[in-house]
Every structure is written in structure tokens, then in C-alpha cells.
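Beneath this line is the structure, given in C-alpha cells, with notes to follow.
The values are calculated or read from the model by the stated rules, or taken from the named source; none is laboratory data. In this text the structure is predicted, and so the values were computed from the model without any measurement. Using ideal geometry, Cβ is built from the backbone for each residue, glycine included, and neighbour counts are taken over all protein chains shown. Each accessible area value is taken on the protein alone, full model and side chains, heavy atoms only, with ligands, DNA and RNA left out. Shrake-Rupley method; radii C 1.70, N 1.55, O 1.52, S 1.80 Å.
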Amino acid sequence: MSAVAPQFSFELFPPRTPEGVAKLPNIAAQLAAVQPKYFSVTYGAGGSDQDGTYDTVVKVVEKTGIEAAPHLTCVGSSRAKIASLLDRYKAAGVKRIVALRGDLPATAIGTGAPGDFRYANELVSFVQETHGDTFQLEVAAYPEMHPQALNPTADFDAFRRKVDAGAHAAITQYFYVADAYFDFLERCAKANITIPVIAGIMPITNHAQLSRFSAACGADIPRYVRLRLEQLQDDKPALLDFGLDVVTRVCEAVLNGGAPGIHFYTLNQADPTLRLWKNLGLPVPH
Ligand code: FAD
């Protein structure tokens, strides 16, 4: 276990349908009952826009009284746009930002324009230069390597550049092989990188979705997990139970191995994350 109590945060995405918008306050309230350190709200993934992220951040804070951190991606955006968005977040009382490159949307004639910042370290430098200590800056880390990186060393160098630019903490891409996370922590220790590297954990709830996400982001699904999920895909309760067991073991391993915290990718569902919470014996305030 880590010497200090681990921190827990929950990721949400801006809902894309009227039903999703109607459900989110209740989901946020259920998740807020266990008092996470903060919520984060994605941007851009799946076509959400800046207003969607901004509105969701504001609504989550209003509903739960818990801090919410917008994700900010620089791909396809200009310095001026990012600067005005940062001002807007500052005015709304936002204290934490998850700073990312994002992915270029594919268009009919190729890929979108890269924008003024090419990589997340440039965004981190820009926020530091323009806003100093206003925001706690979280960046992404990839224990199993970002899928577009040349090799693990080049990817780790890219991570180090984000730390050198002023990132305060990192959240990993989700993984199901705890050793990949421990290997990453060891590489940080050897490189004298001391910022907290929070383990990103995604509950397993759907075989097809997990396969699709993992193929895109490079997360390794162990063979036995893949085979069991394939077999259970038409038996939802059994799949959820099996997924819960697998992910509980990963969480236990990282917490026992000294992880400074877990960031749960909730996918806007309260139950899978709260079942994990209970399974892990984490405190439920009254
Ligand atoms: P970077 O750190 O810039 O790295 C991107 C790639 O470029 C890596 O392969 C890296 O090795 C390489 N690289 C970096 N610097 C250089 C250089 N100087 N020369 C050559 N190569 C270099 N996406 C969204 O669209 N919206 C979200 O809300 C979102 N939230 C996320 C939250 C978390 C916690 C994580 C882990 C990911 C999230 N993503 C999100 C996905 C993320 O945007 C993608 O993984 C994206 O492809 C990389 O973003 P990054 O910030 O890690 O980029």
C-alpha cells in the first residue's frame, strides 16, 4: 500500500442523447455518494464539443458539490481558442485540467488539421506559461505504450517531456495487466520522475465495446479474459460478474503495490464502478 491514502476519481463523458443528458445528474449523484476526489469530463472523444464538456463540468459540480476537471485536447485547435477556453474555465472556478493531445478526426479528404500544438507537452507548457499555478495539470501515461509511438523508449521520453513541462500528475490508459503498470512506475523511479501516476481502470461490461476500444488504444486483454468474455457475451449477468472479478484483482494488485490512486473510466454508468468499489472494501461515507 502507498504511505498516503490513495485518491479516487471518476471519469464521465458529455452525454450525446437527450436520455443521456436526463440520466447524468442521477449517475453523478450515485457516484458522488462515495466521495471521489474529483470527476473528470472528456472532450472530443465520440464527437463531443467544447460546450458539452463545459456544461457537463458545471452541472456535475452543481449537482454533487465535488470538483470536476475538464479534459482539454489541443489537436485541431489554435492557441487563441485554447486561451479563451482556459479563461472560461478559470472564471467558472475550475482548478484542475486533464491536458491531452487528442486524436485527429478522420475526414472525407484525409485527417483534420493538426492545430497550433502538436503534442501534449506543448499544451502543458502553454497552460503553465499563461496561467501559472491556476490549474493542477494531469497528463496521460501509457504503461503498454501509446499505439502511435515509435517504441517504448520514445514514448517514455514523450511522457518525460510532459512532466518537464510542468504536469503535476498522470493518469494511465486503462490496462488489465498490473505488471505493465508496475514496470512503468519503475521506469519513472529510475528517471527520477516523482509525480503521482494514477492507475486508469475501466470496468468490464461489454465484450464488443472492450475489444473495439482496446484495439484502438493498444490495451492488452489477457487471452484467458478475452476467451471467457467471448464465451459469456450473450449472458450479461455472468459477463458482469466475471469482469468484476478480473478488474477487482487488477485494482487490488495496483493498490497493494503502492498505486497513489485509481481513476475509474465509468462510461457514464454508476453500477459497475460502485460494485468494484464495494468489492475492494473501499469506504462508503454515511
Ligand atoms: P502525447 O503525449 O502528445 O503523445 C501522443 C503520441 O505522440 C505518442 O505516441 C507519443 O509517444 C508521441 N510523441 C509525443 N511527443 C512527440 C514528439 N516530440 N515527437 C514525436 N512523437 C511524439 N482523447 C480525447 O480525444 N478526449 C479525451 O477526453 C481523452 N481523455 C483521455 C484521458 C486519459 C486519462 C487518457 C490516458 C487518454 C485520453 N484520451 C482522450 C486519448 C488521448 O487523447 C490519445 O491517446 C492521444 O492519441 C494521445 O494523447 P496524449 O495527450 O497522450 O498525447
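In order along segment 5-21, the phi-based Karplus estimate (6.51 cos²θ - 1.76 cosθ + 1.60, θ = phi - 60°) of 3J(HN,Hα) comes to 4, x, 9, 10, 9, 10, 9, 10, 10, x, x, 9, 10, x, 5, x, 4 Hz; Gly and Pro are listed as x. Heavy-atom accessible surface of Arg79, to the nearest 10 Å², is about 110 Å², with a 1.4 Å probe and all protein chains retained.
Derived value for the chain: Kirkwood hydrodynamic radius 19.5 Å. Basis is the mean of 1/r over every pair of different alpha-carbon atoms. Heavy-atom accessible area for Phe213, with the other protein chains in place and a 1.4 Å probe, reaches approximately 60 Å². Accessible surface ranking for Leu244, Leu137, 1.4 angstrom probe, highest first: Leu244, Leu137.
Taking the helices alone, the chain has a mean residue ellipticity at 222 nm of -14500 deg cm²/dmol, built from -39,500 (n - 2.57) per DSSP H run of at least 4 residues and averaged over all its residues. Placing unit charges on each Cβ (+1 for Lys and Arg, -1 for Asp and Glu) gives segment 7-279 a dipole about its Cα centre, and among Met202, Gln50, Gly102 the Cα reaching farthest toward its positive end belongs to Gln50. Selection among Leu280, Gln136, Gly258 by position relative to the dipole of the chain gives Gln136 as farthest towards the positive end (Cβ unit charges, Cα centre).
Converting phi to 3J(HN,Hα) with the Karplus coefficients 6.51, -1.76 and 1.60 and the offset θ = phi - 60°, segment 227-237 yields 5, 5, 5, 4, 5, 8, 4, 9, 10, 3, x Hz in sequence order, with x at every glycine or proline.
Ordering Ala238, Asn121, Val34 by Cα displacement along the dipole of the chain toward the positive end leaves Val34 in first place; charges were set at the Cβ atoms of Lys, Arg (+1) and Asp, Glu (-1). Taking all protein chains together and rolling a 1.4 Å probe, Cys188 ends up with roughly 10 Å² accessible. Considering only alpha-carbon pairs that sit under 8 angstrom and 6 or more positions apart, the relative contact order computed for the chain is 22 percent. Highest mobility in the GNM of the chain, judged by mean-square fluctuation with C-alpha springs under 10 Å and restricted to Leu229, Leu86, Leu150, is found for Leu150. For Lys81, the lysines whose Cα comes closer than 16 Å to its Cα, not counting residues fewer than 8 places off in the same chain, are Lys90.
Residues His286, His71, ordered by accessible area of protein heavy atoms at a 1.4 angstrom probe radius and largest first, appear as His286, His71. When the residues Met145, Met202 are ordered by accessible surface, computed with a 1.4 Å probe over the protein chains alone, the sequence from largest down reads Met145, Met202. Residue-wise HN-Hα couplings along segment 254-266, as the Karplus relation 6.51 cos²θ - 1.76 cosθ + 1.60 with θ = phi - 60° gives them from phi, are 6, 5, 5, x, x, 4, x, x, 10, 10, 8, 7, 6 Hz; Gly and Pro carry x.
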